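The values are calculated or read from the model by the stated rules, or taken from the named source; none is laboratory data. All figures in this text were calculated on a predicted structure; none of them were measured in a lab. Counting neighbours? That spans all protein chains shown, and the Cβs are built from the backbone with ideal geometry, glycine included. Quick note on the areas: whole protein, heavy atoms, side chains included, nothing else; ligands and nucleic acids left out. Shrake-Rupley method; radii C 1.70, N 1.55, O 1.52, S 1.80 Å.
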Amino acid sequence: MTNYLKIDNISSVMSKIKSVLRNGVLSGLSSLLTLFMCGSLFAQKTNQILVAEFDCTKEYSTDTYFSHGNIKVCNSSAGRYREAEAVPLSRFGYRFSVLHIGKPYLAVVRYPDDKRRYMCMMDGTTYDMTIGVFTGVNQPLTNTMQEIRKIFWPRWNDCSLAFMTWSNGEPAAVSDIKIYELDELPPLEIQNSGNGIPRRELGIQFEDPCGTSYSLGSIDDQEWLDRTTSYMHFTGQNLLAYPIVWYHGPIYPSEREPSGYFGMVAGRDRKLYSRWTSHPEDWVATLLKRFENEGLEFQAALTLLRLGSLMQNMNVDLNAIKAGKETYNNMLWNDNVQASAQDWTSVYNVMNFEKYANGTLTDWAYGEKGGPYGKGPMFNPLHPVTQKAILGIIQEIVDRYGKSPAFKGISINMWHATIAWFFSLQSGYDDYTAGLFESETGILIPVDTKAGDRFSKRYQFLTGQKKEVWIKWRCAKVRELFLKMSDIIVKARPDMRLTVTMWTETTIPGLLGMPDKPLHQIFARKSLYELYREGGFDAALYHNDPGIEIDYSMVPSRDRDSWGSSGLESPLEKNSTFRDHDYLDQTTLNVVANQKKPGAFIFDSWVEAWGKNSWFPCDPNDQQAKDLKVMNGKPAEGICRINSEYPKDNFWWDSQLRITPPFQGGIHYLESFTHALAELDACRITRGGLFVDTGHASLMKGFASAYRTLPAEKFETIGSTTDPVAVRTLVSGDKRFLYLVNREYYPVKVRLKLEKNTNQITDLVTNQTIKTLTELDITLNPYELRSLGMDPKAVIEGFNTTTPAEIVAQLKRIFNKATVNVGLLNKCKTELPVGAAKLLSEIRVGFEEKRYAWVRRALDSYPIRKCDELAHPNIGVK
């Protein structure tokens, strides 16, 4: 197998790149690449004491080292290292001691970036040291050692650190490990962020709120809050988007809806527990008070799959519905009623947990049940009963928390089963909706209103002759619902907002099935914008709606073995769709970029190896369980033991958990951030999923220090292209702001052309004054953002860029090969992948226009790579 975009002689290229970085014109910001390699941000400001180190090429005793599989020591151009077997779950690890439980520590792990890899790093029991990394495929190999720099708070004196291969052919490997005790995590000072101008938001977003006491070494919510706050300040992040309405309703003490909160916790003896309550304490109020004092911001995220009031009173009796009894559940294209979300979330109601732990659970809470239909929202978003419940919960949240200046509004996660839309054209054919459509449009649906199959007949008519009218009408009605939500929020406080997040990771598989077929690929399927529009959400309708903002969700890691571990054996169809659409779905990107304040959410999806997972009752004499049966200082209603069992492999501890979000290796962690800014002019960026990522502090600090100096308004784009560098400006207050962002992994030289001599250009990160005349030369480092300030009357006439010749030459070699491949396939009369021929033509134009960032992603896309696979079937390109 080969890495498709592997740069020829990358070591030579990187050497030249480093030379360019050393000789850059502006010296105010250090190279982000260098920061990642040497961790200078830690060394400069934080005292660190080495407490343990391991040369992984050496042998250690069994009380210090364990291994499973064919583990070996290897040599490569990157150096010497220990490598696990290239099969899933092969692993090795080390044991070390620390003196001070609860203090911050830093694990520095060097690993080889010399071939395709997929490594999961973890302590083996909790999320405390969990981080994953993958190399190759969509990012060129450096053939050097890269670093993981993971901050953690140990919950035990006796610690372990394991490294596991996730997928076939992609072995975990480590060169050496150093563990440091840190004195503190000093806050990052954001320069030039005053003057009363709202600045851009950068922060953390959670999908899953139940793992707080599995992460950051926290045994309770207070420790978690302390360490989350500390890490946000340390990395320059100022926004936390966190669920307060999750899969089954509120997880705060709601007076309108049944509440339920649960969470996992690891005891001091490493036993794992789950604890739950249907009467949670008001942890949101506690968090907001803390954030007020800390100068941080909070946005309440609503997954909104179910609400208890709707579940309690729903009518899912299909025979009764067909006979004419009303339902606010969604009626489907196949004459069925949506009586379940049809996904993994059904169990996560605390009403199920006692029976689940005792092995007696036979039915889901409230009678939720599956059926002969797919995933989707249970409740009709247009029905008055559904809307009353949704608007009621919005009102309650605003009433409870809207007075806090730290509370910035509500975010609706648009999933496959979110009840604020229809999700697909297969949903929404009930009697109420059909009658409303007829009365508002004057279009009669020629279907017997008493027929048992009237729902499927409506579907056939409305998605046939009247499809576009039907789609437009539904989108307008859903928009009315969102405007009602927004009105409640803005009425309470004008500076609060409603954010709608177009969450793709659950939506696309729900619509199209597992993304592993040609029909899922770029240009073969509809754009994300069009798919969401068919489900009732037309993002283009909201660009001028005050109080409503749209976030585009990117998924940088889901393609790397999408819900599996086949690795090198994965077909191209399984490893392309999310990334290709994130970078090449121009229709959707343009719609989001056209919003008044576009945003981005980078979702860190994760992989799971559960083994034999079980929940089971605690031992009656388990004093630790009694001590841990507390949530937010209040007795919990229930607690049980949990664990995952695996075949014995010499690991020291019985309590195990193997789950991790994987990240792009090295500097490529920043690729999604710079893409969001360059492509969308994103006014806010959040990232996260399962827990607070503490493994990329240096990179976050570098980006945050520049990003958070920028006003939270859309800027004017300079020039006709944002590729590979976007240059934008805005006059706000008494200053002209200017930012330049490089969306590529190599340095790019930029020459700015000014209308006249401008002597007062200031680097907003360093406060250094840059002397210039009518031109300013800047070298932007890999994935670097530079923010500048100048006189408001200054005029930027334009700019030009210079990309390293080695990069351009390599891209042209790949393009020439792709052209030959298409010629071979045409000669053999082999059908080309959808879009391949058109894409080649567009790539040629991309070269002419020097849009090398787009060219690289296009050459790495499914249609081009599939042509290579078809033209050379005995070689294969993964």
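Structural remarks
- Computed with a 1.4 Å probe over protein heavy atoms only, the accessible surface of the stretch 765-878 comes to 46 Å² per residue.
- Accessible surface, the stretch 190-336, averaged per residue in Å² (probe 1.4 Å): 29
- When each of the peptides 776-784, 632-640, 518-526 is scored by the mean number of other C-beta atoms lying within 10 Å of its residues, the order from highest to lowest reads 776-784, 518-526, 632-640.
- Summed over qualifying helices (DSSP H, 4 residues or more, each -39500 (n - 2.57)) and divided by its residue number, the chain shows a 222 nm mean residue ellipticity of -8500 deg cm²/dmol.
- Taking the alpha carbon gyration tensor of the stretch 514-666, multiplying each eigenvalue by 5 and rooting it gives semi-axes of 41, 25, 13 Å, largest first.
- Placing one equal scatterer on every Cα of the stretch 548-631 and applying the Debye formula, the log10 ratio I(q)/I(0) at q = 0.15, 0.18, 0.24 Å⁻¹ is -0.74, -0.85, -1.16.
- Lysines whose Cα lies under 17 Å from that of Lys322, excluding same-chain neighbours fewer than 8 positions away: Lys450, Lys457
- Take every Cα pair under 8 Å whose residues are at least 6 apart in sequence, average their separation, divide by the length of the stretch 339-419, and the relative contact order is 34 percent.
- Phe353 exposes around 0 Å² of accessible area when a 1.4 Å probe is run over every protein chain in place.
- Tensor-based shape of the stretch 317-435 (alpha-carbon gyration tensor, a/c under 1.5 rounded, otherwise prolate or oblate): oblate
- At an R0 of 22 angstrom, the distance between the Cβ atoms of His100 and Asp220 translates into a FRET efficiency of 0.75.
- Considering the stretch 663-744 at the alpha-carbon level, its Rg and Dmax are found to be 13.6, 41 Å.
- Counting only protein heavy atoms and using a 1.4 Å probe, the accessible area of Leu824 comes to about 70 Å².
- Under the convention that each Lys and Arg Cβ holds +1 and each Asp and Glu Cβ holds -1, the size of the dipole of the chain around its Cα centre is about 1680 debye.
- Accessible surface of the stretch 463-521 [probe 1.4 Å, protein heavy atoms]: carbon and sulfur percent: 56
- Amide H contacts under 5 Å for Gly132, placed H, 5+ residues apart: Met121, Phe663
- Residue by residue, the stretch 358-372 carries 3J(HN,Hα) couplings of 8, x, 10, 6, 10, 9, 6, 4, 6, x, 4, 8, x, x, x Hz when phi is fed to the Karplus relation 6.51 cos²θ - 1.76 cosθ + 1.60 (θ = phi - 60°); x denotes Gly or Pro.
- Mean separation of Cα contacts under 8 Å, 6 or more apart, over the residue count of the stretch 534-600: relative contact order %: 50
- Phi to ³J(HN,Hα) by Karplus 6.51 cos²θ - 1.76 cosθ + 1.60 over the stretch 787-804, Hz, x for Gly, Pro: 10, 10, x, 7, 4, x, 8, 5, 10, 9, 6, x, 7, 9, 10, 10, 9, x
- Scaled to the globular estimate 2.2 N^0.38 Å, the Cα spread of the stretch 783-878, given as radius of gyration, is 1.45.
- Each Lys and Arg adds +1 at its Cβ and each Asp and Glu adds -1 at its Cβ; summed about the Cα centre, the stretch 616-693 shows a dipole of about 200 debye.
- Extension gain (nm, one decimal) between Glu831 and Lys472, 0.36 nm per residue minus Cα-Cα: 125.7 nm
- Across the chain, the mean sequence separation of Cα contacts (distance under 8 Å, 6 or more residues apart), normalised by length, yields a relative contact order of 15 percent.
- Compactness of the chain was expressed as the Cα radius of gyration divided by 2.2 N^0.38 Å, which yields 0.94.
- Note on Arg80 and Asp734: the extension gain reaches 229.9 nm, defined as 0.36 nm multiplied by sequence separation minus the Cα-Cα distance.
- Amide N proximity, the stretch 515-536 versus Glu440 label position 7 Å along Cα-to-Cβ, cut-off under 13 Å: 536
- What the Cα convex hull of the stretch 604-661 gives, in volume per residue, is 138 Å³.
- Stokes-Einstein diffusion coefficient of the stretch 147-261, Kirkwood radius over Cα pairs, 25 °C, 0.890 mPa s, in µm²/s: 137
- Accessible-area rank, largest first, for Ser61, Ser76, Ser424: Ser61, Ser76, Ser424, with all protein chains present and a 1.4 angstrom probe.
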